[in-house]
Each structure stands twice: as structure tokens, then as C-alpha cells.
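Following: one structure in C-alpha cells, then a few remarks.
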Amino acid sequence: MTRRIVLLAGLLLALALLLIGIMLAWPPGMPAEDVPMDTSAIKLVPEGRAHTTFEARDGSVLPLRVYENGDTNRALILIHGITGHGDYLHPLASALAEGGYASVYVPDLRGHGENPARRGDIDHMSQMEEDFADLMAHIRARQPGARIIAGGHSAGGGLALRMAASESTDEIDGYLLLAPFLGPRSPTSRQDIDTNGAMAVSVPRFLALMLLNRAGVTTFNHLPVVRLSIPEAHRDGRETATYTWRAFVGYVPRDHARVLAAVDAPLLLLSGTDDEVMRAEQYLPVLAELAPQAEVMLLPGIRHMDVISDPQTAALAGYWLNRRYLAEGDQ
């Protein structure tokens, strides 16, 4: 009897390993549809290209844009969304700096931008958080005593929010989230066919890697799991269409409730009522429940990409920065 049990257990294990192997071999396909949003608001200009760098703890040199404002001791980090780079954030970053609200720092995330070491990939799942913390150290060297506000657009807003549950949370004085992707399980994330058609996910490979990671096996985390649609007008060789498991999972919150509950600093969320990618009407109820101190403002008629270039965003964000931080003696 014992021998039969051992043989059966061995057979089941072999079948499980075979199944996982088949799932791992399943690559992501091509997106079935175009990206479901109006990207006409994106204007890439020479002034928006990265013009300096900062060094991460592993010695990597990462691209950075700095919009300086010497009249305030506030530093805003703005993180770009998935597939993109920091260029498209230029209108908002320059408006906030020129308006005297903050010095603004816009990096290209590891695996993104001009010439990444490995496009769409990182070394391990917490590396983007580490790079964020290293950028904060870089800012503190340039602006000693600065109040640091973690901000970002779309998935970049999700990464900024992830920092609330990181080891660096005590160094962050506020959060500015622009139409943020709060994670796949958040009610603010669309699950409809139109949106998913612009993203080809290898579900078998994704599930296999999720199971392996839960078992502590990270050997295959370099495998691509997601391929996204990018409009033809915005393909200039710097776009990032394919993401590995560790890069995709390391970009956005996995548990939006846990991360939002960890926020203990002022938070402003700005989005448009006509957002094609996020369910903007859900932002207020989600944050009211999980982060009641947060402020949520929805801009009428504004779409997902418009929130970056619309003058209302800079005006409202600037007013919030002044109201929150000047009241505390920031000069």
C-alpha cells in the first residue's frame, strides 16, 4: 500500500511539473485591439527629454529630468505610466515648477526610456521601489530638508502609492496621484473586454509564475507575461510594449486596500470624469473607505491622458501643495 501511495504521489508530482512546464511555455500573444484611450493630448517635445541622471544602489545610472524651483522647499517626484517614459509629463512638471509650487523630478523607470539595459524588465520585484528610494536620497542631497511628495500618472501613480507600504514611507510627506491604476483588484480598474483587448496576457504563464513565486521559486520571473497596444503615433523606439513577470508585478500595488490603509500623509487624487481606462466614479468611495484623509477631485470632461496637459490639473495640484505645506511653515 505504501509503495502505491509513493508511486501515485510521484505520478501526480510529475504531472504537476509537466503542467507547469506547459503553462510556462505559453507566451503572451498580440493585443487584439488598439489602446482604448485618446492619446492626442500627448505632445513629446525636446524640452521633455531626460537631461540628467541619478545613480541607483546597484550602480545603474537612470535617466532623470529636473525642473528646478529655488523658492520652495518642496520636491515632487512624478512617475510615468506603463509603456511610456517621462517625456509626456513635461507640460505638468514645467507648469508646477514655473508656478513656484515645487521642484519636480521626472525619472524614466528602470527598463524604460531611451536605452534601458533590458526593456520591460528589472532584476527583482521590489527594484522599482528601491530605485524610488534612491531617487529620494538623490533629491535630499540636492535639496536638504525638502518635503518629498510621491506622485505619478496611471500605473506611475500606483507605484508612487506602493511607497506608502515600503520601508521609505516615513520619508514621504504627501502623495499626488493622477488617474492612478490602484491594482487589478481595485474597483477603480476596468475589467471590460474593450480595455483588456489592448493588453495580451499569457494567463497560463501568469498563473504558473504566481504559484511558483508562492512556493519561493523565482527562477522564471524573467519571462514576458504581458504585451500592450501602443498607438502608432507614439512609437518612437522608446516605448515599452512587453513586460516580464517581475517588472509588471513590481510596478503597481498588488493589494490596494493594504497600501491605501498604510497612507499616513496628505494625499490628493485627480482624475477626469471621462477617463477611458479607469472607473473614475469609484475613486471617491474606495478612498473614502480606505484612506478617509485623502482628497479626490474629478475634472468634468477630462480623459485619461488629458489630466496631464489640462491647466486645471496644475492649478489644483499647485493650490493643494500651497495649502497643505505653506500652512506648516514651508517656505
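The values are calculated or read from the model by the stated rules, or taken from the named source; none is laboratory data. Values in this document were obtained by computation on a predicted structure and should not be read as measured data. Cβ coordinates were reconstructed from backbone atoms using ideal geometry, including for glycine residues, and neighbour counts include every protein chain displayed.
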Check your understanding: Only one residue in Arg4, Arg49, Arg57 is basic (Lys, Arg), surrounded by 10 or more Cβ atoms within 10 Å (Cβ to Cβ) and more than 24 Å from Leu89 (Cβ to Cβ), so which one is that?
Key -> Arg57
Check your understanding: For the subset of segment 57-71 comprising residues that are out of contact with any strand residue (DSSP E or B) (no Cβ under 7 Å at 6 or more places or on another chain) and modelled with pLDDT under 95, which member is farthest from Ala117 (Cα to Cα)?
Key -> Asp71
Study note, to complete from the structure: Conditions (1) of a type outside the set (Phe, Trp, Tyr); (2) part of a loop (DSSP other than H, G, I, E, B); (3) out of contact with any strand residue (DSSP E or B) (no Cβ under 9 Å at 6 or more places or on another chain); (4) surrounded by 14 or more Cβ atoms within 10 Å (Cβ to Cβ) -> Pro204 fails only (2)
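Residues checked against (1) in contact (Cβ under 8 Å) with a residue 12 or more places away in the chain; (2) among the acidic types (Asp, Glu); (3) touching a Pro at 6+ places or on another chain (Cβ under 8 Å):
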site: Asp108; (1), (2), (3): yes, yes, yes
site: Gly111; (1), (2), (3): yes, no, no
site: Ile122; (1), (2), (3): yes, no, no
site: Gly145; (1), (2), (3): yes, no, no
site: Gly152; (1), (2), (3): yes, no, yes
site: Leu161; (1), (2), (3): yes, no, yes
site: Gly174; (1), (2), (3): yes, no, yes
site: Leu178; (1), (2), (3): yes, no, no
Exercise for review: Using the structure shown, decide if Ile149 is crowded, with 24+ Cβ neighbours inside 10 Å, more than 11 Å from the chain's Cα centre (by Cα), assigned to a loop (DSSP other than H, G, I, E, B) and not small (Gly, Ala, Ser).
Suggested key: no
Study note, to complete from the structure: Residues of segment 144-195 being of a type in the set (Asp, Glu) and either closer than 20 Å to Trp320 by Cα or touching a strand residue (DSSP E or B) at 6+ places or on another chain (Cβ under 6 Å) (or both), in sequence order, are Glu171, Asp173
